[in-house]
Amino acid sequence: MSDFIQGLLVDSEAPAWLAAHRDAGTARWRETSKPTGKTEAWKYTSLMPLERDFTAPTAADMAEPSLPDFGGACLLFVDGQLQSELGSLDLPDGVSLVRFADANEAQAEQIASRLGSVVDADKHLFANLNDANLSDGLFLHVADNARLEAPLHLVYQTSDREPAFSVSQRLLVVLGNNAEASLIEHFLGDSPAAFTNGITELVLGAGSRLKHSRLQLESGGAMHIGGVHARLERDSHLDSFHLALGSELKRIDIVVNHAGAGAHCDLNGIYLLRGTEHVDYHTCIEHAVPHCTTDEVFRGIMGDSSRAVFNGRIHIHPDAQKTRAELSNKNLLTSTDAEINTKPELEIYADDVQCAHGATVAQLDEGMLHYLRTRGVERAEAEVMLSYGFINELVDALDNEALREYLHPLLAERLTRDTRLTRHLA
Amino acid sequence: MLKIDNLHAQVEGKDILKGLTLEVKPGEVHAIMGPNGSGKSTLGHVLAGRPGYEVSAGTVQFEGKDLLDMETEERAHAGIFLAFQYPVEIPGVSNMEFLKAAVDTTRESLGLEPLDTVSFMKLAREASKAVDLDASFLKRGVNEGFSGGEKKRNELLQMMLLEPRLCIMDETDSGLDIDALQVVANGVNAMRNEHRSFVLVTHYQRLLNFIEPDYVHVLSGGRIVRSGDKSLALELEEKGYGWIEDVA
């Protein structure tokens, strides 16, 4: 076993019922070898920053960050440790939230039977690492017909402790038939010693609807390799928003499995990089059954000498007739040293489908630029306004006003260090 | 105020304006009419400094300064406003953000302090009411999903907030129903004063029933071929442009 593989395994305490899961993950992780530039899925993303020994975090000691109020319950984790009591949360009938560590026998059984069920472990090696290091996690269950309208806000903050530590974040969401829920995952921290390995599993029952936002706002030296894996049963609807600010290393795999006819997925994403930051989004939509639809839009802006990777795969299986799937990826490079590696992949094995995909690397629109300048806005400010508009279009499509207002200034200040140029935004 | 002398301009290597001469004095309203392809819109774009519109000969002076030597935003700061025939949609940037940026930078160029947000919002709401545009349009993306008439009213809204010296209105009447035309005309008439001038570029005489011009010019083949008072517009309405092209 290489040092890389060993270095990322940490010692941690876990409930006994998770042992089988951890052991299986450990075994799979140990069988793998470090991906290299020749590994297709890791061609443009170097794992060099992870070449060191990581420890399991212990109880964190840091001041609570100030957090926005998105209108629902909020839970804060610092270095993977939950900072509040779950019992004090006021959740609607039929909605339960359980820590793996606190699960009673029945709950443990429920979790164990679902955990990992939507993750293809062969294709996602860091999901194996997450299993191997798993000590705790959250289980959100929304019973048939129950509704969680106010968004559950989960904040994962890393501290600037030393030495290098690894947090295995795990969330399992199960929506019963015709259930509805709203969820915001929010990652913060800038320490170069912090590595988060996050896995979120979303299991949507028939006719259910989930609004899910995953905000990867870690910056600076922070590293995150994670994934969101979803399974959509008949007529369910996943409304998904992803945002990644650049940092030392970020890689997010998003996998959506259409498993029941009539399922729909809206998948929007933004990445915003500067300096020497790196973000890699790999999305994969599996259309296994007929009559499902996907609308996927990712947009990115790369400045300075940053590098982004977008790989968007849509896989239409032979039985998936009457599929409609659209994928658009637009990129803006604001520096000649910045780089985007974009690759839409459409694999179609059914004949009666409607699919479209496109990837562009664009410049700012000259017509828009001129229009702003005819109104007196100077070129430099007009350019920043248009860059902002390019990504903000996806933010403005979010229906949570508090979330939009939280994100507006975050995006604006990332576009330029000159605050005069962003003063009319957000 | 505006002195255009023997202006020649090209778009994509093609001569469009071929020796246009026009003088607009403070407080005057000039209508520029002409058949399609005569260069009406090109004139507006050249004055606003649109990239790709090359001036090959002639001069344009605005309040004694060489207009052609100024950047687009400098022309705006100097008081030139072009109401676009096809206003541009900018999704993701709200109308309010856009308007505040425009007004602030214009004020700053005049050595004035930017307005505070509250005063500006009040002003913007009043102006949107005056152009009969619901205040909710201020929160939407710039012109995003606006109907043709809403876009034109949004142009008028910008014009009211920026208080330009010279307003060039490029086919503002096209695509407007009679009610919207009345709103736009009322806005323009309310802004008329002895210091502010207007150049109305239009294909039809209809607009001039609502905004009475001091002068009417006919543009054909890139030059002004006839000038007169408002009766010229009526003559054109009656006889069509073929008649002008014949005499020109």
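With the structure loaded, tell me whether A:Leu97 is surrounded by 14 or more Cβ atoms within 10 Å (Cβ to Cβ), under 26 Å from A:Asp3 (Cβ atoms) and either touching a helix residue (DSSP H, G or I) at 6+ places or on another chain (Cβ under 7 Å) or acidic (Asp, Glu) (or both) or whether it fails that test.
Numbers: surrounded by 14 or more Cβ atoms within 10 Å (Cβ to Cβ): yes; under 26 Å from A:Asp3 (Cβ atoms): no; either touching a helix residue (DSSP H, G or I) at 6+ places or on another chain (Cβ under 7 Å) or acidic (Asp, Glu) (or both): yes.
Criteria not met by A:Leu97.
Looking for whichever is touching a residue at least 40 places away in the same chain (Cβ under 8 Å), closer than 14 Å to A:Phe126 by Cβ and either basic (Lys, Arg) or part of a loop (DSSP other than H, G, I, E, B) (or both) here; the options are A:Pro57, A:Pro35, A:Pro49. Which one fits?
Numbers: A:Pro57 fails: closer than 14 Å to A:Phe126 by Cβ; A:Pro49 fails: either basic (Lys, Arg) or part of a loop (DSSP other than H, G, I, E, B) (or both).
Result of the check over A:Pro57, A:Pro35, A:Pro49: A:Pro35.
Go through (1) at pLDDT 95 or above; (2) facing another protein chain (nearest Cβ under 7 Å) one by one and return the number of the condition A:Thr342 breaks.
For A:Thr342, the exception is condition (2).
When you look at A:Pro318, is it part of a loop (DSSP other than H, G, I, E, B) and in contact with a Phe, Trp or Tyr (Cβ under 6 Å, 6 or more places away or on another chain), yes or no? Outline the logic, then answer.
Values: part of a loop (DSSP other than H, G, I, E, B): yes; in contact with a Phe, Trp or Tyr (Cβ under 6 Å, 6 or more places away or on another chain): yes.
In short, yes.
Give B:Glu71, B:Glu155, B:Glu144, B:Glu163 a once-over and let me know the one that is surrounded by fewer than 21 Cβ atoms within 10 Å (Cβ to Cβ), under 18 Å from B:His45 (Cβ atoms) and either under 17 Å from the mean Cα position of the chain (by Cα) or not hydrophobic (A, V, I, L, M, F, W, C) (or both). Before the answer, list the steps.
Details: B:Glu155 fails: surrounded by fewer than 21 Cβ atoms within 10 Å (Cβ to Cβ); B:Glu144 fails: under 18 Å from B:His45 (Cβ atoms); B:Glu163 fails: under 18 Å from B:His45 (Cβ atoms).
It is B:Glu71.
I want to confirm something. Restricting to the stretch A:401-410 and keeping residues that are in contact (Cβ under 8 Å) with a residue 12 or more places away in the chain and in contact with a helix residue (DSSP H, G or I) (Cβ under 9 Å, 6 or more places away or on another chain), which single residue is nearest to the other protein chains (Cβ to nearest Cβ)?
A:His408
When you scan the stretch A:364-378, how many residues do you find that are in contact with a Leu (Cβ under 6 Å, 6 or more places away or on another chain) and within 7 Å of chain B (Cβ to nearest Cβ)?
Residues of the stretch A:364-378 that are in contact with a Leu (Cβ under 6 Å, 6 or more places away or on another chain), as a first pass: A:364, A:368, A:374.
Right, trim to within 7 Å of chain B (Cβ to nearest Cβ) and you get A:368, A:374.
The qualifying residues number 2.
Scan the stretch B:80-102 residue by residue and report those that are among the β-branched types (Val, Ile, Thr), buried (at least 20 other Cβ atoms within 10 Å of the Cβ) and within 8 Å of chain A (Cβ to nearest Cβ).
First, pick out the residues of the stretch B:80-102 that are among the β-branched types (Val, Ile, Thr): B:80, B:88, B:90, B:93.
After this cut, where a residue has to be buried (at least 20 other Cβ atoms within 10 Å of the Cβ) as well, the list is B:80, B:90, B:93.
Across the stretch B:80-102, the qualifying residues are B:Ile90, B:Val93.
Spot the failing condition for B:Leu43; the list is (1) among the hydrophobic types (A, V, I, L, M, F, W, C); (2) within 12 Å of chain A (Cβ to nearest Cβ); (3) out of contact with any strand residue (DSSP E or B) (no Cβ under 6 Å at 6 or more places or on another chain), and only one is missed.
(2)
May I ask you to verify whether A:Glu218 is in a loop (DSSP other than H, G, I, E, B), surrounded by 21 or more Cβ atoms within 10 Å (Cβ to Cβ) and within 16 Å of the chain's Cα centre (by Cα)? Steps first, please.
Numbers: in a loop (DSSP other than H, G, I, E, B): yes; surrounded by 21 or more Cβ atoms within 10 Å (Cβ to Cβ): yes; within 16 Å of the chain's Cα centre (by Cα): yes.
Spelling it out, A:Glu218 is indeed in a loop (DSSP other than H, G, I, E, B), surrounded by 21 or more Cβ atoms within 10 Å (Cβ to Cβ) and within 16 Å of the chain's Cα centre (by Cα).
Would you check if B:Glu126 is within 13 Å of chain A (Cβ to nearest Cβ) and acidic (Asp, Glu)? Spell out how you get there, then give the answer.
Details: within 13 Å of chain A (Cβ to nearest Cβ): no; acidic (Asp, Glu): yes.
When the stated conditions are applied, B:Glu126 does not pass them.
Out of A:Leu394, A:Leu403, A:Leu332, which single residue is assigned by TED's automatic domain parsing to the domain that holds A:Leu152 and either assigned to a strand (DSSP E or B) or closer than 29 Å to A:Cys292 by Cβ (or both)? I'd like the intermediate steps shown before the answer.
Details: A:Leu394 fails: assigned by TED's automatic domain parsing to the domain that holds A:Leu152; A:Leu403 fails: assigned by TED's automatic domain parsing to the domain that holds A:Leu152.
After ruling out the rest, the residue left standing is A:Leu332.
Any residue at all in the stretch A:354-370 that is in a helix (DSSP H, G or I), touching a residue at least 60 places away in the same chain (Cβ under 8 Å) and touching a strand residue (DSSP E or B) at 6+ places or on another chain (Cβ under 9 Å)?
No, the conditions are met nowhere in the stretch A:354-370.
With respect to A:Arg414, is the statement that it is outside any loop (DSSP other than H, G, I, E, B), facing another protein chain (nearest Cβ under 7 Å) and of a type outside the set (A, V, I, L, M, F, W, C) true? Lay out the reasoning, then the answer.
Values: outside any loop (DSSP other than H, G, I, E, B): yes; facing another protein chain (nearest Cβ under 7 Å): no; of a type outside the set (A, V, I, L, M, F, W, C): yes.
It is false that A:Arg414 is outside any loop (DSSP other than H, G, I, E, B), facing another protein chain (nearest Cβ under 7 Å) and of a type outside the set (A, V, I, L, M, F, W, C).
Among (1) surrounded by fewer than 21 Cβ atoms within 10 Å (Cβ to Cβ); (2) under 18 Å from A:Ile301 (Cβ atoms); (3) at the interface with chain B (Cβ under 8 Å from one of its Cβ atoms); (4) of a type outside the set (S, T, N, Q), which single condition is A:Glu381 missing?
A:Glu381 satisfies every listed condition except (1).
Table: residues versus (1) among the aliphatic types (A, V, I, L, M); (2) within 21 Å of A:Leu67 (Cα to Cα); (3) at pLDDT 95 or above; (4) not in a strand (DSSP E or B).
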position: A:Leu172; (1), (2), (3), (4): yes, no, yes, no
position: A:Asn177; (1), (2), (3), (4): no, no, yes, yes
position: A:Leu183; (1), (2), (3), (4): yes, yes, yes, no
position: A:Asn197; (1), (2), (3), (4): no, no, yes, no
position: A:Val203; (1), (2), (3), (4): yes, no, yes, no
position: A:Ala206; (1), (2), (3), (4): yes, no, yes, yes
position: A:Val228; (1), (2), (3), (4): yes, no, yes, no
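List the strands (runs of 3 or more DSSP E) that sit entirely inside the stretch B:194-248 and contain at least 3 residues that are touching a residue at least 60 places away in the same chain (Cβ under 8 Å) and charged (D, E, K, R). Even if it seems obvious, please write down each step before you answer.
Numbers: elements: B:197-202, B:215-220, B:223-228.
Result: empty, no element qualifies.
Does A:Ser328 fit the bill of being of a type outside the set (A, V, I, L, M, F, W, C), within 14 Å of chain B (Cβ to nearest Cβ) and more than 22 Å from B:Thr72 (Cβ to Cβ)? I'd like the intermediate steps shown before the answer.
Working: of a type outside the set (A, V, I, L, M, F, W, C): yes; within 14 Å of chain B (Cβ to nearest Cβ): yes; more than 22 Å from B:Thr72 (Cβ to Cβ): yes.
In short, yes.
Based on this model, can you work out whether B:Ser109 counts as of a type in the set (Ser, Thr, Tyr), surrounded by fewer than 17 Cβ atoms within 10 Å (Cβ to Cβ) and either within 10 Å of another protein chain (Cβ to nearest Cβ) or closer than 21 Å to A:Met368 by Cβ (or both)?
Details: of a type in the set (Ser, Thr, Tyr): yes; surrounded by fewer than 17 Cβ atoms within 10 Å (Cβ to Cβ): yes; either within 10 Å of another protein chain (Cβ to nearest Cβ) or closer than 21 Å to A:Met368 by Cβ (or both): yes.
Taking the combined requirement at face value, the residue satisfies it.
Out of all the residues in the stretch A:94-121, which are over 17 Å from A:Thr200 (Cβ atoms) and assigned to a helix (DSSP H, G or I)?
Correct list: A:Ala101, A:Asp102, A:Glu105, A:Ala106, A:Gln107, A:Ala108, A:Glu109, A:Gln110, A:Ala112, A:Ser113.
Which ones in the stretch A:409-426 are at pLDDT 90 or above and surrounded by fewer than 19 Cβ atoms within 10 Å (Cβ to Cβ)?
Once the filter is applied, which keeps residues that are at pLDDT 90 or above and surrounded by fewer than 19 Cβ atoms within 10 Å (Cβ to Cβ), the stretch A:409-426 yields A:Pro409, A:Leu410, A:Glu413, A:Asp418, A:Thr419, A:Arg420, A:Arg423.
Please go through the stretch B:13-49 and pick out each residue that is within 14 Å of B:Ile168 (Cα to Cα), surrounded by fewer than 20 Cβ atoms within 10 Å (Cβ to Cβ) and without any contact (Cβ under 8 Å) to a residue 40 or more places away in the chain.
Residue satisfying the conditions is B:Glu23 alone.
Which of the residues belonging to the stretch A:337-351 are over 16 Å from A:Ala362 (Cβ atoms) and in a loop (DSSP other than H, G, I, E, B)? Write out each step before concluding.
Start the filter on the stretch A:337-351 by keeping residues that are over 16 Å from A:Ala362 (Cβ atoms), which leaves A:337, A:343, A:345-351.
Once the filter is applied, which keeps residues that are over 16 Å from A:Ala362 (Cβ atoms) and in a loop (DSSP other than H, G, I, E, B), the stretch A:337-351 yields A:Asp337, A:Tyr349, A:Ala350, A:Asp351.
Go through (1) away from chain B (no Cβ under 14 Å); (2) of a type outside the set (A, V, I, L, M, F, W, C); (3) farther than 19 Å from A:Tyr271 by Cβ; (4) in contact with an Asp or Glu (Cβ under 9 Å, 6 or more places away or on another chain) for A:Glu347 and report which single condition fails.
For A:Glu347, the exception is condition (4).
The values are calculated or read from the model by the stated rules, or taken from the named source; none is laboratory data. In this text, all values refer to a predicted model and were calculated from it rather than measured experimentally. Here Cβ is always computed from backbone atoms with ideal geometry, including for glycine, and neighbour counts include all displayed protein chains.
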